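*Asks:* Can you keep this structure in mind? I'll have questions shortly.
A short reminder: the numbers here are calculations on the coordinates, not readings from a lab. In this text, all values refer to a predicted model and were calculated from it rather than measured experimentally. Virtual Cβ from ideal backbone geometry, glycine too; neighbours counted across all protein chains shown.
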């Protein structure tokens, strides 16, 4: 299996997770509106919608890594000469990965702290379940960063980077 096919499979995996979460969120919101309109509001509707929205956001952000869709200022790196450009691109990727390693670790630690807390509207559900999106999505980010790292380095090595910045 090539890196390109592995990346494409991973991208499809994240796309399906995002689709499932968005469909679930849409169905949950419509159900909540119907019940509220009928005079029988669901007590858990708002809290579950908030959690689903957070999950869509974090999993969608992990998907955005593969599409280079996060905000950045690549022009600064592109203006550098080839050697420093590769070093800057690699350093940026490594700093991003280090941040997500830290987020995964802290997120995992928080799960233990919140393990005994329950959702307000669904007391049988642990808050840790809702917060699990932090360490899980951090690991997904790291995997995504590792999969795009060779592409980022390849792009940084291209000569047109410095010339294109001045054109």
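*Asks:* Please state which one of 99, 13, 58 is within 26 Å of residue 133 (Cα to Cα) and in contact with a helix residue (DSSP H, G or I) (Cβ under 8 Å, 6 or more places away or on another chain). Can you show your working first?
*Replies:* Values: 99 fails: in contact with a helix residue (DSSP H, G or I) (Cβ under 8 Å, 6 or more places away or on another chain); 13 fails: in contact with a helix residue (DSSP H, G or I) (Cβ under 8 Å, 6 or more places away or on another chain).
When all the criteria are applied, what remains is 58.
*Asks:* How many of the residues in the range 69-91 are within 16 Å of residue 142 (Cβ to Cβ) and in contact (Cβ under 8 Å) with a residue 24 or more places away in the chain?
*Replies:* Of the residues in that region, 1 qualify.
*Asks:* Of the residues that make up the range 53-68, is at least one out of contact with any strand residue (DSSP E or B) (no Cβ under 7 Å at 6 or more places or on another chain), loosely packed, with under 15 Cβ neighbours inside 10 Å and over 20 Å from residue 21 (Cβ atoms)?
*Replies:* Yes, the range 53-68 contains a residue that is out of contact with any strand residue (DSSP E or B) (no Cβ under 7 Å at 6 or more places or on another chain), loosely packed, with under 15 Cβ neighbours inside 10 Å and over 20 Å from residue 21 (Cβ atoms).
*Asks:* If you check residue 133 against the conditions, is it crowded, with 16+ Cβ neighbours inside 10 Å and either in contact with a strand residue (DSSP E or B) (Cβ under 6 Å, 6 or more places away or on another chain) or within 21 Å of residue 54 (Cα to Cα) (or both)? Let's see the steps before the verdict.
*Replies:* Numbers: crowded, with 16+ Cβ neighbours inside 10 Å: yes; either in contact with a strand residue (DSSP E or B) (Cβ under 6 Å, 6 or more places away or on another chain) or within 21 Å of residue 54 (Cα to Cα) (or both): yes.
The answer is yes for residue 133.
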